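Visitor: I'd like to ask some things about the structure below.
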Amino acid sequence: MEDKRYCRKCLLKDFDEEQYRSLIKKELDWMDDEMKAPDDMYARRLEICGDCDKLNQGTCAACGCYVELRAAGRRSSCPYKRW
Ligand code: SF4
């Protein structure tokens, strides 16, 4: 198996789905618990994103963020004020 290294400048096309998921999970694991939204709030936000026409393969077309990371921040908000 090829041992490929990635950096913040890598594009999503450089990752396969499993690598992408593990990077998102790693970012969430690194986030300080005090900065994180409570689980129920996080789930509700992702549910709203899931029904949103701006959602595009895990990113928000309104702001370009990864919604699973944006929704994880306690003080984060939706650019369209949907949550
Ligand atoms: S952050 Fe807001 S605009 Fe973006 S996908 Fe989620 S609900 Fe839609």
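Visitor: Evaluate the distance, in nm, between pseudo-label points positioned 7 Å from the Cα of Phe15 and of Tyr80 along their respective Cα→Cβ axes.
Guide: According to this spin-label approximation, the distance is 2.3 nm.
Visitor: By the gyration tensor of its Cα atoms, with a ≥ b ≥ c the square roots of the eigenvalues, what is the shape of the range 12-70: rounded for a/c under 1.5, prolate for a/b over b/c, or oblate?
Guide: It is oblate, given that a/c is not under 1.5 and a/b is not larger than b/c.
Visitor: Next up: Show me the ranking of peptides 65-78, 25-38, 46-59 by mean Cβ neighbours inside 10 Å, starting with the highest.
Guide: Ranking, from highest mean packing down: 65-78, 46-59, 25-38.
Readers should treat all values here as calculations from the given coordinates under stated rules, not as data from a laboratory. On a predicted model such as this, the values are computed, not experimentally measured, just so you know. Cβ: placed from backbone, ideal geometry, glycine included. Neighbour counts: every protein chain shown.
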